[in-house]
Amino acid sequence: MSYTYPTTVPESASDPDPSDPHYQPSRRDFFVIATGAFAAVGAVAFVWPFVDQMNPDASALALASIEVDVSAMEPGQSITVVWRGKPVFIRYRTDEEIAAAKDTQLSELKDPVARNDNLEAGAPATDENRAAAGHEAFLVMVGICTHLGCVPLGEAGDYNGWFCPCHGSVYDTAGRIRHGPAPENLLVPPLTFADDTTIKIG
Amino acid sequence: MQGTSEYTPRTGIERWIDKRMPLPRLMYDSFVSYPIPRNLNYAYAFGGILSVMLISQILTGVVLAMHYAANSEIAFTSVEHIMRDVNYGWLLRYLHMNGSSMFFLAVYVHIFRGLYYGSYKSPREIQWLLGVVLFLLMMATAFMGYVLPWGQMSFWAATVITNLFSAIPLVGDAIRTWLWGGFSVGDPTLNRFFSLHYLLPFMIAGVVILHVWAFHVTGQTNPTGVEPKSRRDVVPFTPHATMKDAVALVAFFLVFAWFVFYMPNYLGHPDNYVEANPLVTPPHIVPEWYFLPFYAILRAIPSKLGGVIALGLSVVVLFLVPWLDTSKVLSAAYRPLYRIFFWVFVVVCIGLGYIGAMPPEGGYIIAGQLLTAYYFIHFFIILPLLGFIETPKPRPASITEAVLGRPDEPGEPATPAGATAMPERRG
């Protein structure tokens, strides 16, 4: 190591001169560098509380699941409920809508993955994998366009499914993206049927 | 601010201060004796107008904050409270909300002025870069301010813009949640936006000081693009620039006042007088007019990540302009081809603004894509190429020659008394 100027003040004339080509780093050089490095790491570590305070707080994380009574719903009706501050669509689909969704080949889909939190990650986006398990007439989805987060309009668009008014994404009767800028199908949240007419979301 | 100072303290107090903290000297040298080219036109008045608009926005904003509540339960009501109950609240709010539009109007004229007269060229690159930083800070401030009234447009603008970050691969969703402080736009989002909306204007003021400092080192450009060469090419800042800026400011304030008093909501959107509802997106959401061209670019790309990249690039490309333009000639007045392409570019930007306001369907999509393509072609192909194929017109030997229309004769009387340090004597 060679220095062009001393990093520490020599205490006496007998101290090594850092500009000497044969100079060996001293114990004091080690302390100076170690202290500086420790201070730098400490300063960086102290940034974290200032960053992390912006993440969801304990009250936001403590959101419970919800139960929805669907006994009053008739085929062709939809309701929107709020789960974790987001709209969730529950649609009691008509036979024509189910048939249209089933007739669609996977190769026609922009996103061939089910996006269903109740299934494993790579499950194909068939109508069975999109509809509520055991209740294929019920379609339950987070009502947030996967493009930039607007709420799509129901029974609209070229496939009579959902249409996002913000940037023109079109979803079919199984909530699958068919065209427009959205990259993914509408998300199916974790759900179970508590009984035949009660859906538990979350 | 280097070189010879023209400041002479006249009283004992001035001398006492000057020895200890020469702020009066700095102000005198920067805004009184500072030499400016004698041929500056009204396009050069917008820097001064922008400074006044910044002060105006800070003043009205500070008093609005005395009555506003950054809580999603009562934010909307508190804005109506300002409009109906607070003394002159309607005036202060209309000044602030139309003030942001006037601020952007002025900054766009200022930026296009810079593009026309080559204000970004050597040695003024840093000044230009600082200007683009200011523009970005302005955009962030305006966006967060728009969220505060917590109307439908506020809420959905916040949702769409924060969702842009979710397009980033891998960490996008985590960044979006971090920005929100929850799983959707909500009370934590509103609170932090208010905090930052109050902070950023002061950061803008800080960068404005650097921006002004930079042009006091290099000197201003001028419509000829020829640097001042003698005392006859310059006049002192005060009274010449001060008075000309004041005249421009009065005209500008006429337009401002017309909006504030006669059509205060013309530039806004009626949906923002409906309280935010997370379950219903308004059928047609558009940003404020000053973001429309960028919104059109976002929508032109039929892919989420692609659209976000194009949007980012459309602003970031301004940082590259000093190096994309290969011509050494500053002023478009002497660049016959660039001058045409400049005005085509202005029309394309206005066209993008129009497309941004239209629904994303049919011919509007195709027109938006063509205009977006041209926007980038202008910067990445036309600007670099023009420097090589264009033959500039002969430029005048000096500013004075351009002003008088004949060669400058050194025997003529110099500029009025008070004309100051010659530019070549400054750093």
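The values are calculated or read from the model by the stated rules, or taken from the named source; none is laboratory data. Nothing here was measured: the structure is a model prediction, and the numbers come from that model. Neighbour counts are summed over all protein chains in view; Cβ atoms, including those assigned to glycine, are modelled from backbone coordinates with ideal geometry. Each accessible area value is taken on the protein alone, full model and side chains, heavy atoms only, with ligands, DNA and RNA left out. Shrake-Rupley method; radii C 1.70, N 1.55, O 1.52, S 1.80 Å.
Summary table
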quantity: Subset of segment B:201-248 that is open to solvent by 30 Å² or more (accessible area, probe 1.4 Å) and under 14 Å from residue B:123 (Cα atoms) - its residue that is modelled with the lowest pLDDT; calculated: B:215
quantity: Condition met for residue A:187 (under 23 Å from the mean Cα position of the chain (by Cα) and open to solvent by 50 Å² or more (accessible area, probe 1.4 Å)); calculated: yes
quantity: Out of B:402, B:397, B:373, sole residue that is at pLDDT below 95, part of a helix (DSSP H, G or I) and open to solvent by 30 Å² or more (accessible area, probe 1.4 Å); calculated: B:402
quantity: Residue match in segment B:109-118 (condition: assigned to a loop (DSSP other than H, G, I, E, B) and in contact with a Ser or Thr (Cβ under 7 Å, 6 or more places away or on another chain)); calculated: yes
quantity: Residue in segment B:30-47 that is modelled with pLDDT of 95 or more, open to solvent by 30 Å² or more (accessible area, probe 1.4 Å) and on the phi > 0 side of the Ramachandran plot present; calculated: no
quantity: Residue match in segment A:154-165 (condition: away from every other protein chain (no Cβ under 14 Å), touching a Phe, Trp or Tyr at 6+ places or on another chain (Cβ under 9 Å) and surrounded by 16 or more Cβ atoms within 10 Å (Cβ to Cβ)); calculated: yes
quantity: Flag if residue B:301 is more than 30 Å from residue A:84 (Cα to Cα), open to solvent by 30 Å² or more (accessible area, probe 1.4 Å) and not acidic (Asp, Glu); calculated: yes
quantity: Qualifying position, being under 18 Å from the mean Cα position of the chain (by Cα), more than 30 Å from residue B:187 (Cβ to Cβ) and buried (at least 17 other Cβ atoms within 10 Å of the Cβ), among A:114, A:60, A:100, A:125; calculated: A:114
quantity: Residue within segment B:16-31 that is within 25 Å of residue B:113 (Cβ to Cβ) and touching a helix residue (DSSP H, G or I) at 6+ places or on another chain (Cβ under 8 Å) present; calculated: yes
quantity: Test result for residue B:97, in a helix (DSSP H, G or I), touching a residue at least 12 places away in the same chain (Cβ under 8 Å) and open to solvent by 30 Å² or more (accessible area, probe 1.4 Å); calculated: yes
quantity: Answer residue from segment A:180-202, given it is of a type in the set (A, V, I, L, M, F, W, C) and part of a loop (DSSP other than H, G, I, E, B) and is nearest to residue A:166 (Cα to Cα) among those; calculated: A:182
quantity: First in segment B:373-386 and of a type outside the set (S, T, N, Q), second anywhere and not in a helix (DSSP H, G or I), Cβ under 7 Å, 6 or more apart; calculated: B:383/B:325; B:384/B:326; B:386/B:327
